[in-house]
Each structure stands twice: as structure tokens, then as C-alpha cells.
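Asker: One structure coming up, written as C-alpha cells, with questions to follow.
The values are calculated or read from the model by the stated rules, or taken from the named source; none is laboratory data. Everything quoted here is computed from the prediction, not taken from an experiment. Glycine also receives a Cβ, built like all others from the backbone with ideal geometry; neighbour counts cover every protein chain displayed. Accessible surface areas use protein heavy atoms only, side chains included; no ligands, DNA or RNA. Shrake-Rupley method; radii C 1.70, N 1.55, O 1.52, S 1.80 Å.
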Amino acid sequence: MTQNIYDNEEFFEGYSRLGRSVEGLDGAAEWPALRALLPDLRGLNVLDLGCGFGWFCRWARQNGAAHVLGIDVSERMLARSRATTKDGAITYTRADMEQLELSPASFGLVYSSLALHYIEDLNRLMSQVHRSLVPGGSLVFSVEHPIYTAPTDPNWSLNAAGRRSWPIDGYLDEGPRSTDWLARGVIKQHRTVATYINTLLRLGFAISHVEEWGPTDAQIAARPTLADERQRPPFLLVAARR
């Protein structure tokens with residue numbers, strides 16, 4: 001079963017204070033790049049894997065989706081989603097993505113933001129996603145970049161240029177990594193960029209875009225703290241079609 005760290009009270013309280021939790025999609029610096037990968041949502045049935053507070057589910061409906069299904073393993077996240085959603089065409093369901101069963105040809109878009117790096121059996125989940133998409137349907141997702149999930153040492157130092165130097169350990173050794181982020185012992189599944197891409201290709205997806213995301217100059221000018229994210233990409237963005 002997926003580690004349900006979001007129902008940990010300490011983690012949930014910390015997560016609720018993050019900019020992306022307070023401001024929604026506009027609080028996520030990578031959102032403009034991710035949004036650019038989305039198809040026209042008008043009339044589509046949409047699945048959001050790891051829907052969190054439901055920000056994308058509501059946005060999808062506002063942009064013409066016929067129905068949106070948001071799935072999450074966290075009761076706390078789903079309770080917040082339901083409390084802030086007044087739309088009968090949005091359904092929130094508690095489910096473990098490790099055991100998810102999806103009906104064939106059910107969705108025009110499957111979307112996921114920063115959730116798949118918690119999944120141990122990515123091949124099984126992506127196989128379910130592939131069968132659930134209508135012909136020509138889209139998969140768009142973001143994950144923590146494997147450069148982020150690889151380190152085992154949380155310490156950092158300044159390099160000769162005066163910028164953060166992060167230790168990367170065992171990049172090619174895939175598997176669970178424990179990190180202390182908002183709470184102790186958060187488990188993320190480290191896999192290489194090649195594994196993400198080759199998993200999709202083996203299942204028959206046609207990949208249309210891969211992006212190792214970093215902030216634009218305009219974003220850095222508006223939020224100077226984002227400059228550090230130019231040193232290594234924090235997110236991997238992928239778009240594919242069935």
C-alpha cells in the first residue's frame with residue numbers, strides 16, 4: 001500500500017502551509033509549463049491521480065471538462081477537497097494507486113501532479129492508465145526530478161560560485177528512499193529519467209514532451225529565491241498519448 005504520509009498530522013499541517021497549498025495552482029511555479037501540455041479539456045472525462053486539495057479538479061471543470069474524478073489515498077486531503085468543491089460533476093474517491101483498477105476507455109485525460117514518485121509499482125499503475133484512456137487520450141504528469149529523489153544525505157554546502165551544492169548518491173540504484181521533509185521518514189520511490197520514459201514506451205504510449213523543469217528569468221525576477229532551482233531541475237514533466 002502507498003505510504004499515507006499526508007494523513008500524518010505533522011506532515012499535513014506543514015503541507016497545508018506551503019504556497020501551493022494556500023494559493024492553489026498559481027502557487028506552483030511549474031504550473032504554467034504543466035498547463036501548456038494539457039489538451040483542450042472541453043467535453044473530456046478527466047482523472048486526477050493524487051488530487052490532493054482538488055485544485056486541478058476544479059480548474060479542469062472550469063475549463064470545460066465534462067466530469068472529473070479525483071483520487072487520493074489521504075482522507076485529510078479528500079475532506080479538504082470536498083469542503084471546497086460545490087460541483088456535482090467532480091467526484092472525489094479514496095483509493096490506493098498501488099491497487100487501482102480502472103475501466104477501459106474511460107478518460108480523455110489522466111493527470112497527476114507530484115504523486116507518482118510515491119508509487120512503488122509504476123509499471124502496473126501506468127498499465128491501468130493506458131487501458132483507461134480513450135484512443136488518442138492524453139497522460140500529463142509531473143514528478144520530483146530523479147536528481148531530487150536520488151540524494152540520501154540532506155546536507156548541502158556552498159560551491160565555489162557561492163551556490164548550493166547538493167550531494168547525489170546512487171542515482172542508478174532505484175528503489176525507496178527515506179527523507180525528512182515536513183515529517184521524518186517520508187518514503188519516495190527513486191527511479192531514473194530513463195525508467196519513467198521507457199516504462200511509458202513499453203506500454204505503448206506515444207511521448208510528446210519531456211521537460212526537466214526550471215524557473216524562467218521572469219519567475220526568478222518575481223521570486224529571487226527560485227534562482228537556486230536553476231542549479232538542478234526540481235521537477236520532471238511528461239506528456240504522452242495513447
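Asker: Computed over the Cα atoms, what is the radius of gyration of the chain divided by 2.2 N^0.38 Å, N being its residue count?
Answerer: Taking N as the residue count of the chain, the ratio is 0.99.
Asker: Determine the gain in length on full extension of the stretch TYR171-ARG202; use 0.36 nm per residue of separation and subtract their C-alpha separation, reporting nm with one decimal. The partial results should precede the final answer.
Answerer: Values: separation 31, 0.36 × 31 = 11.16 nm, distance 2.20 nm.
Full extension of this stretch gives 9.0 nm more.
Asker: Sticking with this one: Please calculate the 1.4 Å probe accessible area of TYR171, with all protein chains present, and give it to the nearest 10 Å².
Answerer: 70
Asker: At 0.36 nm per residue, and after removing the present C-alpha to C-alpha distance, how many nm does the segment from ALA79 to SER106 gain when stretched out fully? List each step's numbers first, then the result.
Answerer: Details: separation 27, 0.36 × 27 = 9.72 nm, distance 2.50 nm.
The span from ALA79 to SER106 would gain 7.2 nm if fully extended.
Asker: At a threshold of 8 angstrom on Cα-Cα distance, excluding pairs fewer than six apart, so keeping six or more, what relative contact order does the chain reach in percent? The partial results should precede the final answer.
Answerer: Numbers: 468 pairs, mean separation 44.7, N = 242.
So the answer I get is 18 percent.
Asker: Provide the per-residue ³J(HN,Hα) series for the range 203-220, in order, calculated from phi with Karplus coefficients 6.51, -1.76, 1.60 and θ = phi - 60°, each as a whole number of Hz, with x at glycine and proline positions.
Answerer: Whole-Hz 3J(HN,Hα) from phi for the range 203-220: 7, x, 6, 9, 7, 10, 7, 10, 9, 8, 6, x, x, 7, 4, 5, 5, 5.
Asker: Let me check something: with ligands and nucleic acids excluded, how do ASP87, ASP180, ASP26, ASP96 order by accessible area (1.4 Å probe), largest to smallest?
Answerer: Values: ASP87 50, ASP180 95, ASP26 130, ASP96 20 Å².
If we order ASP87, ASP180, ASP26, ASP96 from most to least accessible, we get ASP26, ASP180, ASP87, ASP96.
Asker: When a/c reaches 1.5 or more, the comparison of a/b and b/c decides; with that in mind, is the range 176-223 rounded, prolate or oblate per its Cα gyration tensor? Intermediate results must be reported in sequence, preceding the final value.
Answerer: Details: a/c = 3.93, a/b = 1.10, b/c = 3.58.
Oblate, since a/c reaches 1.5 and b/c is not below a/b.
Asker: Give me the percent of accessible area attributable to carbon and sulfur for the chain, probe 1.4 angstrom. Provide the component values of the computation, followed by the final result.
Answerer: Numbers: 5580 of 11430 Å².
So the carbon and sulfur contribution to the accessible surface is 49 percent.
Asker: How long are the three semi-axes of the equivalent ellipsoid for the range 1-113, computed from the Cα gyration tensor as the root of 5 times each eigenvalue, in whole Å, largest first? Write out the running numbers ahead of the final one.
Answerer: On the way: eigenvalues 94, 62, 33 Å².
Ellipsoid half-lengths, sorted descending, are 22, 18, 13 Å.
Asker: For the range 85-141, rounded, prolate or oblate, judged on the Cα gyration tensor with a ≥ b ≥ c (square roots of eigenvalues), a/c < 1.5 rounded, else prolate if a/b > b/c? Don't skip to the answer; put the middle values down first.
Answerer: Working: a/c = 1.62, a/b = 1.15, b/c = 1.40.
Here the range 85-141 falls in the oblate category.
Asker: Where is the GNM fluctuation largest for the chain (alpha-carbon springs, 10 angstrom cutoff): THR216, THR192, THR225?
Answerer: THR225
Asker: Mind checking the range 70-134 for trypsin sites (Lys or Arg not before Pro) that DSSP puts in a loop (not H, G, I, E or B) and that have at most 15 other Cβ atoms within 10 Å?
Answerer: Loop-located and lightly packed - LYS86.
Asker: What residues of the range 93-110 lie in the reach of a label at ASP121, counting those whose backbone N is under 11 Å from a point 7 Å from the Cα along Cα→Cβ?
Answerer: 97-101
Asker: May I pose another question? With every protein chain left in place and a probe of 1.4 Å, what is the accessible surface of MET97, to the nearest 10 Å²?
Answerer: Accessible surface of MET97 is approximately 20 Å².
Asker: Mind running the shape call on the range 21-84? Use the C-alpha gyration tensor, a ≥ b ≥ c as the square roots of the eigenvalues: rounded below 1.5 for a/c, prolate if a/b tops b/c, oblate otherwise.
Answerer: Values: a/c = 1.95, a/b = 1.22, b/c = 1.60.
Since a/c reaches 1.5 but b/c is at least a/b, the shape of the range 21-84 is classed as oblate.
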